[in-house]
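Structure record follows, encoded as structure tokens.
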Amino acid sequence: MKRFIQTACASILISHLFASTLLSFSGPFDGKTFKGRIAFSSDGNYNDEDDWGAFPVAIAILDAFGVTGKLVHVDYNNILAKNDPRFYKEMTESVLGSVERYNISRSILFDCQKDLDGAIESIKNAINASSADDPLYYVLAGPMEVPFLGITKSDPDKRKYVYCISHSRWNDGYTRSDRNLHNHTKRDVIPSGINWIQVKDGNPNLAHPGGVGRTSAPDQWRLYHWLRDSSDPKLNWIFTRLQAEGRADISDSTMTYFLLTGDEDANLNKFKRLLDNKKMPAPIKARTDVRIEAENFKTLNNYRVDGRSDRTASHRLSVRLANSTAGQISTPFDQPYTTDSGLYDVEIRYFDEKAGRSELKLYVNGIPKGQSWTASADSESWQSKTIADVTIHTGDEIKVVVKADGAEAGKLDYVQLNYKAQTSDNAIGPLDNPDALPGQIIVAGNKPGILKLNGGKPVYLCGPDNPEDFLFLGKLNSDGTRSGPQMDIIDTIGTSGANAFHFQMTRMRRCNIKDEGDDTHCPFIDHDPSRPLNEKVLDQWDTWLGALEEREIIVHLEFYNDATDVERMGWTLDENGNLYPDEKRFIEGIVKRFKHHKNIIWGIEESCNKLPRARVAHFKKISQLIAEVDNHHHPIVHSFVTAETHEGDMHPDGVMSGDFRDDPHIDIVTWLHVPPHGKDYEAQHRAYLKYAGMDGDRFIAMKNETEYHRIDRTTSRIQTWACVLTGMHALEAQHNPARRDGRERIVDDGKAVTFMEQTNWYTMKPHDELAAGSTKWVSANPGNSYIAYTYNYSGPMGVKDMNAGSYDLLWFDTVSGNQVIQSGILVSEGDATWNKPESIGNEIALYIERQ
């Protein structure tokens, strides 16, 4: 019976992470504790009155969040080139009046017209006291002169713990009308090692009107009357500081609000709620978009800032090539209120000029993301290119490389990271297996165990099974290496989010019982199995395996193609059951050469049961040798064709996974030619369930291939989820990144990985009997967590027989990848269903976890 369900917390975050570990706070403020210290820099003594009101509001914000004790430095009146006595008097009154009313020590105040040396020394000391556990956040509401002087005197090794926050191109030193006020710009400090945080310009929301020398109209003043009419006398006083300005402008306070919330869109309603109504907002856990202005990249290589106040450019600034046809910008990613490891759609904004052509490419840690693209449409306008599903960790280097033909200036505006989900942090903790490499794929726990990274996260595998001849694609060179599309395929998989790939190391026709393969598809000198391994070939394979490892792609690396019977070329066991010397040299040499990679699962032979039962002892000898040589204990998988295959090539002896239950070295079994059922998704799911459960008490289950049948992308995607909901790892031969349709399908594989690795799927088993409402299939750890799936939402969906309690829900659109979190959902004992959020489509995976 359906029971009463109540939403206890209306916290719904679209496209943010949900996990059994909900997002941890990544900003300096988590709602209770501020990690680090705060410094302010303000002008107010010439040119613009805005700081007379903005400074008191910023101090009031610190007080509202309870962090005034974190303020360690204030420099003010810091326009050094000129000083207006009236401006100086009013700014001084705003600063001293603020610290008096909010109980801040005057010892941290430095009037730059009276004690410039003290201000510089204080900045230096604040920076030098910084560390990873106690960073400094320096809010810049004035020109760069004084901050530059203090930063220059500081310890260079400490600057990486400093975050300078700005919102204004004027403060950053880029102005045309009063250049005499600026001797330095932000580019004089960014390369020094500090972190630069540029937030949205606060003027549109917090300046009425914006602009020096303008006055506020009566209707604009009314927007601020809540300050005048508040029961808090400190806010009444702040209103008098706006009256002193002659206009209502508190735009610089947007930076302080961001510092405490992660919210770049400060406005008067938010300020009234915080300061007058005393309602403190919850800090943002992960910003939905993080814009890194091109001019703020730490390194500009053959680039210079274009400060000509282009109103169509973000902050009216951009960068352009400097006397060169090639250049690049690069910076480490270190931004507050972002996840340590996130999945982003990365937008690069560039200018396409009327004449000329340029080529652009995005890199993360030197690894290309997506394909290069060209600015060649002659549109004479800013354009954007988005690279989807890019995983970026804190500290990763983001780089844009540009090559122009001389007629293009290669102008760049910004790189914006549009957040999609948190990716599980691969940081290494205590090792599960001290013999395995840190971060290596391993089997953890009692058999059957689970796949996980050694010292890290559990891993759900989903990705392409083809092209199985990946190592042999392209032109065969005289030294045995290949000139082919391998790196393009690796990049395609790497940008898709898929995390698994299968290919083979030998596919020789000479020993294939079906006369398939190619005798050049092997790693031996002159393609002769009696000769040693070709080191040049192994070097090339090593490079490709390393590139896959960098992209966190697990490789099912298989020794033999299906229907390979090496005994046909004399590689038989001797009378004592030992491997033939040439085969032993081959297996041993490969394992020794590649065991240093963390991303390998050793495979013995594809569809080993196409051979007679007499070969079982041979295969077990191979697994024994692999285990003996591989001191890091990479997992070993054995591959089987299903009995129902239409090809009819399973050997009549009928060898199956049960014949290897006593092999202590086999960890995983994988199935090929699982019977296809097209759009009969229920039948397809039952077919996968059969093989997911076969010897499931002994082996981890994986599927490498559904028998070939014509499918479209939708059918392919739903079939993948039909496998996912059995708990079986899901590789697929028809998801071939060398084919256009395959490239689409592996993007869907990436979405499955994104979802599954946010759940505790590894604790669950299939429980389709628990499906309620629109739910088709269920995987569950009953009473604790559930994954419910539907390919055809027609009404509320959920699960049966739930325990009473409070639950968190992650709604995942398996088509678009959109996510919605609902927290604190109260459920009474019994069945429970929910209506999907409006932004979620009709193919849905729903993760339900009891708090």
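The values are calculated or read from the model by the stated rules, or taken from the named source; none is laboratory data. None of the values given here were measured: they were computed from a predicted structure. As a convention, Cβ positions derive from the backbone with ideal geometry for all residues, glycine included, and neighbour counts pool all protein chains shown. These area figures cover heavy atoms from the full protein model, side chains too; ligands, DNA and RNA do not enter into them. Shrake-Rupley method; radii C 1.70, N 1.55, O 1.52, S 1.80 Å.
Side notes on the structure shown:
- Beta carbons closer than 9 Å, at least 6 apart along the sequence or on distinct chains, pair a first residue in segment 274-288 that is in contact (Cβ under 8 Å) with a residue 24 or more places away in the chain with a second that is in a loop (DSSP other than H, G, I, E, B) and of a type in the set (V, I, T) for K285/T339; A286/T338; A286/T339; R287/T338.
- Residues in segment 410-420 that are open to solvent by 10 Å² or more (accessible area, probe 1.4 Å) and not charged (D, E, K, R) were compared, and the one that is modelled with the lowest pLDDT is Y419.
- Residues in segment 575-596 that are closer than 30 Å to I493 by Cα and open to solvent by less than 10 Å² (accessible area, probe 1.4 Å): 5 in all.
- Restricting K399, K403, K361 to those that are in contact with a Pro (Cβ under 9 Å, 6 or more places away or on another chain), within 23 Å of N323 (Cβ to Cβ), assigned to a strand (DSSP E or B) and open to solvent by 30 Å² or more (accessible area, probe 1.4 Å) reduces the list to K361.
- Segment 487-498 - residue that is buried (at least 24 other Cβ atoms within 10 Å of the Cβ) and of a type outside the set (V, I, T) and, of those, nearest to K610 (Cα to Cα): A498
- From the options D155, D111, D178, D133, residue that is under 20 Å from H73 (Cα atoms) and at pLDDT below 95: D133
- Pairs meeting the criteria (first residue in segment 423-442 and among the hydroxyl-bearing types (S, T, Y), second residue at pLDDT 85 or above and not in a loop (DSSP other than H, G, I, E, B), beta carbons under 6 Å, at least 6 apart or on different chains) are T423/S341; T423/L343; T423/T391.
- Subset of segment 293-302 that is crowded, with 21+ Cβ neighbours inside 10 Å and out of contact with any Leu (no Cβ under 6 Å at 6 or more places or on another chain) - its residue that is farthest from R187 (Cα to Cα): E293
Every residue, every condition in (1) more than 23 Å from the chain's Cα centre (by Cα); (2) under 20 Å from S330 (Cβ atoms); (3) not in a loop (DSSP other than H, G, I, E, B), yes or no:
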position	(1), (2), (3)
T256	yes, no, yes
L260	yes, no, yes
F271	yes, no, yes
L274	yes, no, yes
K279	yes, no, no
P283	no, no, no
L300	yes, yes, yes
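- Residue list for segment 614-650, filter: open to solvent by 50 Å² or more (accessible area, probe 1.4 Å) and in a loop (DSSP other than H, G, I, E, B): N631, H633, A643, E644, H646, E647, G648
Matching residues to (1) crowded, with 23+ Cβ neighbours inside 10 Å; (2) touching an Asp or Glu at 6+ places or on another chain (Cβ under 7 Å); (3) touching a residue at least 12 places away in the same chain (Cβ under 8 Å); (4) not in a helix (DSSP H, G or I):
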residue	(1), (2), (3), (4)
G654	no, no, yes, yes
D662	no, no, no, yes
V669	yes, yes, yes, yes
H677	no, no, no, yes
A683	no, no, no, no
A687	yes, no, yes, no
K690	no, no, no, no
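- Given (1) open to solvent by less than 30 Å² (accessible area, probe 1.4 Å); (2) more than 30 Å from T492 (Cβ to Cβ); (3) of a type outside the set (K, R); (4) assigned to a loop (DSSP other than H, G, I, E, B), index of the condition T339 fails: (2)
- Only one of the numbered conditions (1) closer than 19 Å to P204 by Cα; (2) among the acidic types (D, E); (3) open to solvent by less than 60 Å² (accessible area, probe 1.4 Å) is not met by D276, and that is (1).
- Residues of segment 162-185 satisfying the condition of being within 11 Å of W196 (Cα to Cα) and among the basic types (K, R): none
- Residue list for segment 34-75, restricted to those being touching a helix residue (DSSP H, G or I) at 6+ places or on another chain (Cβ under 7 Å), open to solvent by 30 Å² or more (accessible area, probe 1.4 Å) and small (G, A, S): A64
- The set of residues from segment 815-833 being hydrophobic (A, V, I, L, M, F, W, C) and over 29 Å from the mean Cα position of the chain (by Cα) comprises L826, V827, A832.
- Of everything in segment 230-251 that is assigned to a helix (DSSP H, G or I) and among the polar types (S, T, N, Q), the residue that is surrounded by the fewest Cβ atoms within 10 Å (Cβ to Cβ) is N236.
- Single residue of G356, G370 found to be of a type in the set (G, A, S), modelled with pLDDT under 95, open to solvent by less than 60 Å² (accessible area, probe 1.4 Å) and under 18 Å from A547 (Cα atoms): G370
- Set N561, N576, N631: member being of a type outside the set (A, V, I, L, M, F, W, C) and under 22 Å from L471 (Cβ atoms): N561
- Members of segment 560-574 found to be of a type outside the set (A, V, I, L, M) and crowded, with 22+ Cβ neighbours inside 10 Å, listed by number: Y560, N561, D562, T564
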